[in-house]
């Protein structure tokens, strides 16, 4: 209807967070910033893949996982974007806890899929590294705090990207 009425040019203009691809047998996800390193990108992709596998298995059992109230979902997105890994994240009932705790809960929930993929040890090691050394956003903030010089932030991002 939106395309036919000229409101949007094509289906790709519809804003969404997660959806099945219209053209490929994949799930498209748009809820996170682009990670700064290859390792962080692989971690995110692996967790998403494990979450999709877990959801498909649950769906096969007739368990749709329940629908989150939109207000909780919006609050969770806002809190994650605002605080990142250094803050608290909100769960499906609206309860906040440290980001590491929520990440550990996610890993345990998708662990059967991670085990099937042979990725559990790599995922937990990368999460440990990120929590100890920070992710791209944390490293960029730290670079800024040293001298309030944007070139320090750019150099940090370039170093992350170069590997």
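The values are calculated or read from the model by the stated rules, or taken from the named source; none is laboratory data. Everything numeric here is computed off the predicted structure, so don't read it as measured data. Glycine also receives a Cβ, built like all others from the backbone with ideal geometry; neighbour counts cover every protein chain displayed.
Residues of the stretch 141-156 include none that is within 18 Å of residue 44 (Cβ to Cβ), surrounded by 15 or more Cβ atoms within 10 Å (Cβ to Cβ), more than 14 Å from the chain's Cα centre (by Cα) and modelled with pLDDT under 95. Filtered by the rule that a residue be within 17 Å of residue 119 (Cβ to Cβ) and loosely packed, with under 15 Cβ neighbours inside 10 Å, the stretch 40-66 gives 41, 45, 56, 57. Regarding the stretch 40-49, can at least one residue be identified that is outside the structural domain of residue 135 (by the TED database) and in contact (Cβ under 8 Å) with a residue 12 or more places away in the chain? Within the stretch 40-49, none of the residues are outside the structural domain of residue 135 (by the TED database) and in contact (Cβ under 8 Å) with a residue 12 or more places away in the chain.
Do you know which residues across the stretch 71-88 are part of a helix (DSSP H, G or I) and either touching a helix residue (DSSP H, G or I) at 6+ places or on another chain (Cβ under 9 Å) or more than 25 Å from residue 26 (Cβ to Cβ) (or both)? Steps first, answer last, please.
To start, the set of residues in the stretch 71-88 that are part of a helix (DSSP H, G or I) comprises 71-86.
Once the filter is applied, which keeps residues that are part of a helix (DSSP H, G or I) and either touching a helix residue (DSSP H, G or I) at 6+ places or on another chain (Cβ under 9 Å) or more than 25 Å from residue 26 (Cβ to Cβ) (or both), the stretch 71-88 yields 71, 72, 74, 75, 78, 79, 80, 82, 83, 84, 85, 86.
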